[in-house]
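Where a number appears in this text, it was derived from the coordinates with a stated rule and is not lab data. Since we're looking at a predicted model, the values are computed, not measured. All Cβ positions, even for glycine, are placed from backbone atoms using ideal geometry, and neighbour counts span all protein chains on display.
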Protein chains: 2
Amino acid sequence: MAGAGTGSQGRTGTDGVGFSRRRLLGSAGAAGAAGLVLGAAGGAAGYAASRPDEPTALTAIGATEAMFHGKHQPGITTPLQARGHLIAFDLAPGAGRKEAAALMRRWSAVARELMAGRPAGGTDGPGHDTGIALDAGPSSLTVTFGFGRTFFDRTGLTGRRPAGLDPLPPFSSDQLDARRSNGDLWVQIGADDALVAFHALRAIQKEAVGAAGVRWQMNGFNRTPGATGRPMTARNLMGQIDGTGNPQQTDDDFDTRIFVPSAADAQGASGAPGAPDASQDWLAGGSYAVVRRIRMLLDDWEKLPVDRQEQVIGRRKSDGAPLSGGSETTPMDLDKAGPDGRLVIPDNAHARISSPEKNGGAAMLRRPFSYHDGISADGTPDAGLLFICWQADPFRGFVPVQRKLDRGDALSPFLRHEASGLFAVPGGAAKGEYVGQRLLES
Amino acid sequence: MAGAGTGSQGRTGTDGVGFSRRRLLGSAGAAGAAGLVLGAAGGAAGYAASRPDEPTALTAIGATEAMFHGKHQPGITTPLQARGHLIAFDLAPGAGRKEAAALMRRWSAVARELMAGRPAGGTDGPGHDTGIALDAGPSSLTVTFGFGRTFFDRTGLTGRRPAGLDPLPPFSSDQLDARRSNGDLWVQIGADDALVAFHALRAIQKEAVGAAGVRWQMNGFNRTPGATGRPMTARNLMGQIDGTGNPQQTDDDFDTRIFVPSAADAQGASGAPGAPDASQDWLAGGSYAVVRRIRMLLDDWEKLPVDRQEQVIGRRKSDGAPLSGGSETTPMDLDKAGPDGRLVIPDNAHARISSPEKNGGAAMLRRPFSYHDGISADGTPDAGLLFICWQADPFRGFVPVQRKLDRGDALSPFLRHEASGLFAVPGGAAKGEYVGQRLLES
């Protein structure tokens, strides 16, 4: 049933072209001119005035398609998406390597179909597609798969578990809920449309039935593309620009910092932990994801005046520029002192402590979603960051930075790490291959 | 502090023009041509390749502004928004009419500022704006206020409580959680950007401190504009097109069905329940919102073959056309029988039972959000519909239809009403006025 994609009921574009045969209007027609004003009363643009048979426009938001096959899995360097789901599974009792391989094969087929904007499992019959994404374009959907530490024991592959999956050390700000941490398998779903993302989540869950059970599941979001004239350096729910220091794909060392090299590529590298041998080439082009549910104590944070918030962060709230001056992309001057002789970017400022300069060049690609799960029992917002960072080696990326933050970050009193996961994310699947095949079938 | 909007730190457009001075690029530049394909590995469009100082486009999604002032409040006929928050408050112990009036004044000022894309409370100093929406356009933000039955007792206005706020009758499918039902005050927030919506939610909560406490809060979503080439008749999480039968603003009787008339307008009307006298003119141009958190039992629903789902609904899943033929907007032929002599649209089909033809012309404007709060304790998805319907009189809109559905709707086994609210939504505020002023100050 997985990824058969044979149905075409009420849906065009099941021919491999994806969205291209659907009704596409130019972006200019999408919602009228920028600056449209909706009257509150009886305006022509009102909701009820849109007749159901009046076409609206599938814009680039809907039409953009991320590629399933490739050297890397999607969802790592893909631009931030408006909606995300994280879901972790544990293999079912009795399921082992064979069942895991079959599941990864089914999941990969589903991911490929859905990312192309096609239904999964046909539109009728058993295992039919739920229809939630009918009519919608791919909407930049990505589905990314990772393996947790326990996956290797469950599949009899303990001997091939990479050193990068050694348990993360404890941190003093951790208040981790084990039931919402780790897991045998991890799936990250992102899309610019919430229904497309939910549709993928349900399809992934359905394929798992009998093979793996849900361990935990979280929902997140980012800006809708086009809602801001600013670039996609996101603001988080504290109102801070978040992601400025991220490595850029144009950096010479981007790939070596973010993606695991193949054994051949790593030849000559100094046997650093994580440098793979040939039996680990399933991980070549892959990465490690560290996932942390970080609650923001917003009621406390929002009480701080903006200038105090800026001292905590070390950057201006308005535009993300370092307190040492310039604009968002100006390098921090960590030695600059004010007229009073004190450091302009305080000693315990978050941006200082987490800067690559202060961490032996440690770098990770942060690609988070914000989350908001309503009001907690104590009346405070259950909101914050689904922090996801990507690196070739978590013990040279996330761990040293977090260890340092743990010792003296001025931001710590406003954060609470509530869940944690570490996953090895295999390289992308070649055509005809499924994700993880080189591990599970060799 | 409310709505002072005096700060301009890092932000243009605090001059009443709203977003117009921000960087606006043509939609065509927004995300390239429709049909953009993102390579998974190192593509030029990759996330990390977007330098933070590279502008992206504020498209119509961000730039669209709904009007706060008007005959009706916004958020009723406004096109469906991608993200929504519902929040109910109870007045604080000791708070009465005076405090309620002050709160409505503050809330209205905040709503007006935020809907224009301006910060609320300035960008610095006590009560400063959180900054979460800095840089973003208004993004079709709407904030809508309603009063629950208990509000009138708390404010000493029991005598002016309209008959439309009489308690809803119980229904057999109700499994209502009182803690997530009703409330003195109700606020509906909608926007096409999740951070803009969250920003408004926090601002509304902050203004309430000391005057009202949060009773319950729910989050919802709809399609992102442009994700589909279909019109904004939404699909819900069952995959069904939902909203086809909605009254249209172009209908002659739209206003009389959805909005409460003024006493003058109602003159000559047959003294129907809900027809106001002059002392109730605070409600003129207003409406009643019935809010139901309707859990969808998706694990059960998705097991049904599509043809069975279509029998339950009475419409085709693919395009929403009635089973009697035609397209989505073709009127249902409720008498049409198949070759076997059986009704093509079954007797207990949801679309038949809820059709205005079968309910004495009862009509309501359904304007829902979907919700998804993760996985329940029993492993099933905690997902469904934040059903919101608008009508001039709930006892001629929602109640008769729901009563009928309650008796024989084939969809009922797949739904569970978990929370319920009924709110009188005052008419829109004139310039210089706040929402509810004509009730609270006369």
Original post:
Label-to-label distances across copies for A:Ala337, with labels 7 Å out along Cα→Cβ, in nm, shortest first?
Top reply: 9.7
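Considering Cα pairs under 8 angstrom that are at least six residues apart, work out the relative contact order of the range A:294-402 and quote it in whole percent.
Details: 158 pairs, mean separation 27.0, N = 109.
In percent, rounded to a whole number, it is 25.
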Subject >> For B:Lys358, label point 7 Å along C-beta direction: distances to other copies, nm >> reply: 6.7
Subject >> Karplus 3J(HN,Hα) series, Hz, for the range B:237-252 with 6.51 cos²θ - 1.76 cosθ + 1.60 (x for Gly, Pro) >> reply: 6, 7, x, 8, 5, 9, x, 4, x, 4, x, 10, 4, 7, 5, 4
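Which trypsin sites (Lys or Arg not before Pro) in the range B:304-351 sit in a loop by DSSP (not H, G, I, E or B) and have at most 10 other Cβ atoms within 10 Å of their own Cβ?
Working: sites: B:Arg308, B:Arg315, B:Arg316, B:Lys317, B:Lys336, B:Arg342; in loops: B:Arg316, B:Lys317, B:Lys336, B:Arg342.
Answer by residue number: B:Arg342.
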**OP:** Counting only C-alpha contacts under 8 Å and six or more residues apart, can you give the relative contact order of the range A:278-355 as a whole percent?
**Re:** 21 percent
**OP:** Provide the packing ranking of B:322-330, A:247-255, B:110-118, i.e. peptides ordered by the mean count of other C-beta atoms within 10 Å per residue, highest first.
**Re:** B:110-118, B:322-330, A:247-255
**OP:** Sort out for me the Cα centre separation of the range B:95-109 from the range A:197-235, rounded to whole Å.
**Re:** 38 Å
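Taking beta carbons within 10 Å but only from partner chains, what does the mean come to for residues B:74-81?
Whole-number average of other-chain Cβ neighbours for B:74-81 is 5.
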Subject >> Virtual spin-label span in nm between B:Ser172 and A:Ala278, 7 Å along Cα→Cβ >> reply: 7.1 nm
Original post:
What's the average, rounded to a whole number, of partner chain beta-carbon atoms within 10 Å of each residue's beta-carbon in A:369-375?
Top reply: 5
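Return B:His69, A:His72, A:His350 ranked ascending by Cβ neighbour count within 10 Å, so the fewest neighbours appear first. Each step should come with its number before you reach the end.
On the way: B:His69 18, A:His72 28, A:His350 22.
Fewest-to-most ranking of B:His69, A:His72, A:His350: B:His69, A:His350, A:His72.
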Original post:
Which whole-Hz couplings ³J(HN,Hα) result when phi for each residue of the range B:418-435 is put into the Karplus expression 6.51 cos²θ - 1.76 cosθ + 1.60, θ = phi - 60°, listed in order with x for Gly and Pro?
Top reply: 9, 7, 8, x, 10, 9, 8, 10, x, x, x, 7, 6, 4, x, 9, 10, 5
Subject >> Peptide A:198-204 - average C-beta neighbours from other chains (10 Å radius) >> reply: 3
Original post:
Counting only residues 5 or more places away or on other chains, whose amide H sits under 5 Å from the amide H of A:Gly374 once H atoms are built in the peptide plane?
Top reply: A:Asp382
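Distance check, please: which entries in A:Lys317/A:Lys404; A:Lys71/A:Lys98; B:Lys317/B:Lys404; A:Lys71/A:Lys358; A:Lys71/B:Lys303; B:Lys317/B:Lys358 exceed 28 angstrom between their Cα atoms? Please report the intermediate quantities before stating the final value.
Numbers: A:Lys317/A:Lys404 23 Å; A:Lys71/A:Lys98 25 Å; B:Lys317/B:Lys404 23 Å; A:Lys71/A:Lys358 31 Å; A:Lys71/B:Lys303 36 Å; B:Lys317/B:Lys358 22 Å.
From the list (A:Lys317/A:Lys404; A:Lys71/A:Lys98; B:Lys317/B:Lys404; A:Lys71/A:Lys358; A:Lys71/B:Lys303; B:Lys317/B:Lys358), the Cα-Cα distance tops 28 Å for A:Lys71/A:Lys358; A:Lys71/B:Lys303.
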**OP:** For B:Arg316, enumerate residues with amide H under 5 Å from its amide H, sequence gap 5+ or separate chain, H modeled in the peptide plane.
**Re:** B:Ala321, B:Leu323
**OP:** Starting at the first residue of the range A:129-137, write each ³J(HN,Hα) from the Karplus equation 6.51 cos²θ - 1.76 cosθ + 1.60 with θ = phi - 60°, in whole Hz, x for Gly and Pro.
**Re:** 5, 5, x, 4, 9, 3, 5, 7, x
Original post:
What FRET efficiency comes out for the pair A:Lys336/A:Leu297, r = Cβ-Cβ distance, R0 = 30 Å, nearest 0.05?
Top reply: 0.50
Subject >> Nitroxide proxy distance, nm - points 7 Å out along Cα→Cβ at A:Glu357 and B:Ser442 >> reply: 6.4 nm
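Report the extension gain between B:Thr380 and B:Gln248 in nm, rounded to one decimal, defined as 0.36 nm multiplied by the number of residues separating them, less their alpha carbon distance.
Values: separation 132, 0.36 × 132 = 47.52 nm, distance 3.59 nm.
Answer, rounded to one decimal: 43.9 nm.
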Original post:
Could you name the aspartates and glutamates in cross-link range of A:Lys336, using Cα to Cα under 20 Å and dropping any fewer than eight places away on the same chain?
Top reply: A:Asp307, A:Glu310, A:Asp319, A:Glu328, A:Asp347, A:Glu357, A:Asp409
Original post:
Fewest first, what order do A:Glu302, B:Glu310 take by the number of other Cβ atoms within 10 Å?
Top reply: B:Glu310, A:Glu302
Subject >> Copy-to-copy label separations for A:Ser262, where each label sits 7 Å from Cα toward Cβ, in nm and ascending >> reply: 7.7
Subject >> Approximate spin-label separation B:Lys71-B:Arg179, in nm, with each point projected 7 Å along Cα-to-Cβ >> reply: 4.3 nm
